[in-house]
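First comes the structure, then the notes that go with it.
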């Protein structure tokens, strides 16, 4: 009695498997790129809207604002005649905002800034009165700090209260909660010391960078 041979199942070659995975990866990448490009304008529009709203929040009494460009160490109004200067800059041009009340009286400046926190970059914006040399408001624009701990820089009312009339002279100093005695001191947050100190660095570094140009611009404007 003859035995019939059992046909063996054929397996795809290694080349075919690699090619299939490569094609699948290519299509997945194209889909991701397509989604990113299609949603990027929406994301940028939402960021621009949030920034505009924050400008009004951090400078009390602000009813309108002008965008100022940081060009060659000086501030210039964002006008058509400055487009040539903008094009000469490498990368994105830095901006701050001069804020005015209904009578067009200068109320202060809204200054964006960023600083590494515990998890990631903390992006914020604060209000500054050059004449009095005080910070008059602060708001976090974007943060990925630990929920329940680091995100207290957004939710903690006592921490936010630091930034209503905070002197920048001689410099900002972080202190423990309940120990503030001077106008330039910032009470940090228990359990979120790293994140709250990062905010203080954000403010101090931004003041160091922008203060000379702001004072020069304010003097020329008056």
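Every number in this text was worked out from the coordinates using simple rules, so none of it is lab data. Values in this document were obtained by computation on a predicted structure and should not be read as measured data.
Data for the structure
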quantity: Quotient of Cα Rg and 2.2 N^0.38 Å for the stretch 35-221, N being how many residues it contains; calculated: 1.06
quantity: Antiparallel %, DSSP beta bridges [both residues in the stretch 35-221], to 5; calculated: 90
